[in-house]
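The values are calculated or read from the model by the stated rules, or taken from the named source; none is laboratory data. As the structure is a computational prediction, the values presented were derived from the model and not from experiment. Note that we place each Cβ from the backbone using ideal geometry, even for glycine, and neighbour counts take in every protein chain shown. Each accessible area value is taken on the protein alone, full model and side chains, heavy atoms only, with ligands, DNA and RNA left out. Shrake-Rupley method; radii C 1.70, N 1.55, O 1.52, S 1.80 Å.
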Amino acid sequence: FAWLKREIKSNPLRLVGAVLARGAFASIKKRTSYEEIGGSLLLGVNGICVIAHGSSSVKAIVNAIGAAVNAVDNKVNSDIVTAIEEMNRKVNLSQS
């Protein structure tokens, strides 16, 4: 965002465009914020594990817990296991 800010400020016309696109910039910033996302799923564990930033705020931890609940609700682990089993089955068939 620092690079983008510097480039926008380098030209008056860009600055006008940035003012008009302010809502889009705010939306992108919110969607890429670690506090909004909460954390990332750790794959390769037989369960749900969300890795959060070491200095996460309360908001980020709440959203990380939400990500874990979402992963459970969407059966992420069983979908991964099923996909791996299917891939292994196809590989074994092609080697036969």
TODO: Go through segment 50-76 residue by residue and tally those that are in contact with a Gly (Cβ under 7 Å, 6 or more places away or on another chain) and over 15 Å from GLU35 (Cβ atoms).
DONE: 0
Open item on the list: Restricting to segment 32-61, and then to whatever is under 17 Å from ILE84 (Cβ atoms) and either part of a loop (DSSP other than H, G, I, E, B) or modelled with pLDDT under 90 (or both), can you tell me which residue is least open to solvent (accessible area, probe 1.4 Å)?
Closed with: GLY47
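Do we have any residue at all in segment 72-94 that's assigned to a loop (DSSP other than H, G, I, E, B), farther than 30 Å from PHE1 by Cβ and at pLDDT 90 or above?
Yes, because at least one residue in segment 72-94 is assigned to a loop (DSSP other than H, G, I, E, B), farther than 30 Å from PHE1 by Cβ and at pLDDT 90 or above.
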